[in-house]
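Colleague: To start, I am sharing the structure in question, which I have written as structure tokens.
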Amino acid sequence: MYAKPIPSLGQYDLHHLIIFLMLAGGFVATAGLVLNVGYEYLCMGIQVFSLRANQLGDYRLSEMAYVLNGSVLSYGMCTLMSMFGLYQLKLDNLSKLMAVTGAWMGLSILLMGIYPLNYLAEHRFWSTSALFSCLLICLVTLVAWLNHKPYCTRGMTIVSILLFLGTFSILLQLDLRTLELKPCKQVMEPHFCATAMNSWAMAVLSITWNVLLALNMRRLVIQDYQNLSLRHLKGE
């Protein structure tokens with residue numbers, strides 16, 4: 001009787017690729033955001049937070065816009081490819097829906113990087129597309145949590161709720177005929193702008209959601225490999 005082969009990590013190659021793409025996208029997006037905000041903070045101080053995050057991608061406004069746009073493009077591309085990989089895993093219908101919605105969001109973010117605020121009509125269209133896809137992926141995550149799916153953790157649920165509330169708040173300030181957001185007040189002194197703060201929160205929460213999904217997938221891969229190894233040792 002032949003001995004059963006020892007479980008190999010090679011069967012998790014696609015999982016590892018998805019995890020790498022999610023973490024790489026999150027790192028690039030965070031680095032681009034920090035570099036751009038840090039530079040603008042040195043130039044204009046706390047007033048930088050009176051601007052929406054996408055306004056820093058305007059080449060007429062920021063000298064570091066190419067850094068932000070490049071990181072947004074990379075983040076969108078990594079998200080799109082990782083969600084395509086997630087779909088290929090064929091876990092269940094809910095994971096496929098999450099992958100399709102995530103791919104929609106990734107494509108929208110990618111095109112926001114290609115068409116920054118200088119291309120006003122295109123940017124408004126794809127940023128609105130990103131808002132609706134973000135809203136849907138939050139709902140899918142909450143449904144997954146209610147169904148006790150292992151790939152939706154408590155941290156992802158909390159982030160999804162916050163992201164849903166922030167996205168919905170921005171959509172309430174959006175004119176669906178022109179796809180234009182309610183502008184912040186143009187004043188010289190630092191001030192609070194709800195739209196701007198929501199956009200910053202959405203950027204951070206979106207990256208956090210991706211990273212949490214990657215870390216949870218890594219945990220599930222380790223657990224599955226340990227279970228397979230244990231069954232192998234028991235001769236099952």
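Colleague: Computing the accessible area with a 1.4 Å probe over protein heavy atoms, can you report the carbon and sulfur percentage for the chain?
Modeller: The nonpolar share, carbon plus sulfur, comes to 69 percent.
Colleague: Working from Cα positions, state the angle (0 to 90°, nearest 10) between the long axis of helix 154-172 and the longest principal axis of the chain.
Modeller: Roughly 30 degrees between the two axes.
Colleague: Right, next: Rg to Rh ratio, the chain, alpha-carbon atoms and Kirkwood radius? Each step should come with its number before you reach the end.
Modeller: Working: Rg = 20.2 Å, Rh = 19.1 Å.
Across the chain, the Cα-based Rg/Rh ratio is 1.06.
Colleague: Additional query: Give the longest segment of the chain that steers clear of chymotrypsin sites (Phe, Trp or Tyr not before Pro) in DSSP loops with at most 16 neighbouring Cβ atoms within 10 Å, not counting the sites themselves.
Modeller: 120-191
Colleague: Given Cα pairs under 8 Å that are at least 6 residues apart, what percent is the relative contact order of the chain?
Modeller: Value for the chain: 25 percent.
Colleague: Setting aside same-chain residues fewer than 8 positions from Lys149, which aspartates and glutamates have a Cα under 14 Å from its Cα?
Modeller: Lys149 reaches Asp92.
Colleague: Can you list the residues, at least 5 places off or on another chain, whose amide H is less than 5 Å from the amide H of Asp58, using H built in the peptide plane?
Modeller: Result for Asp58 returns Leu117.
Colleague: Continuing with this model, one more query. Report ³J(HN,Hα) in whole Hz for each residue of segment 82-91, in order, from the Karplus equation J = 6.51 cos²θ - 1.76 cosθ + 1.60 where θ = phi - 60°; Gly and Pro get x.
Modeller: Going residue by residue, I get 5, 6, 5, x, 4, 4, 5, 5, 6, 6 Hz, with x marking Gly and Pro.
Colleague: Report D for segment 81-173 in µm² per second (integer): Stokes-Einstein, Kirkwood Rh on Cα pairs, 25 °C, 0.890 mPa s.
Modeller: Estimated diffusion coefficient is 177 µm²/s.
Colleague: Considering only Gly166, Val221, Ala130, whose Cα is most displaced toward the positive end of the charge dipole of the chain, charges sitting on Cβ of Lys, Arg (+1) and Asp, Glu (-1)?
Modeller: Val221
Colleague: Moving on. Got a sec to turn the phi values of segment 207-212 into Karplus ³J(HN,Hα) couplings, 6.51 cos²θ - 1.76 cosθ + 1.60 with θ = phi - 60°, whole Hz, x for Gly and Pro?
Modeller: 5, 4, 4, 4, 5, 5
Colleague: Enumerate by residue number the trypsin sites (Lys or Arg not before Pro) in segment 66-156 meeting two conditions: DSSP loop (anything except H, G, I, E, B), and at most 10 other Cβ atoms within 10 Å of the site's Cβ.
Modeller: Filter output for segment 66-156: Lys90.
Colleague: With every protein chain kept in place and ligands, DNA and RNA left out, what is the accessible area per residue of the chain? Probe 1.4 Å, answer in Å².
Modeller: 55 Å²
Colleague: So what's the gap between the Cα centers of segment 72-97 and segment 106-177, to the nearest angstrom?
Modeller: 15 Å
Colleague: Using amide H atoms built 1.01 Å from N in the peptide plane, name the residues 5+ places from Glu180, or on other chains, whose amide H lies under 5 Å from its own.
Modeller: Asp175
Colleague: Of His16, His123, His148, which is the most mobile in a GNM of the chain whose springs link Cα atoms less than 10 angstrom apart?
Modeller: Maximum among the listed residues: His148.
Colleague: Next up: Give me the angle, in degrees from 0 to 90, between the Cα long axis of helix 93-114 and the longest principal axis of the Cα atoms of the chain, rounded to the nearest 10.
Modeller: 40 degrees
Colleague: Compare Cys134, Cys78, Cys193 in a GNM of the chain, Cα atoms joined below 10 Å, and give the one with the largest fluctuation.
Modeller: Cys193
Colleague: First measure r as the distance between the Cβ atoms of Lys149 and Ser169, then evaluate 1/(1 + (r/R0)^6) with R0 = 30 Å and state the FRET efficiency to the nearest 0.05.
Modeller: The pair Lys149/Ser169 has a calculated efficiency of 0.65.
Colleague: Add -39500 (n - 2.57) for each DSSP H run of 4 or more in the chain, then divide by its residues: what number comes out at 222 nm, to the nearest 500 deg cm²/dmol?
Modeller: For the chain, the value works out to -25000 deg cm²/dmol.
The values are calculated or read from the model by the stated rules, or taken from the named source; none is laboratory data. A quick note: this is a predicted structure, and the numbers were derived from the prediction, not measured. Cβ coordinates were reconstructed from backbone atoms using ideal geometry, including for glycine residues, and neighbour counts include every protein chain displayed. What goes into the accessible areas is simple: the full protein's heavy atoms, side chains included, and nothing from ligands, DNA or RNA. Shrake-Rupley method; radii C 1.70, N 1.55, O 1.52, S 1.80 Å.
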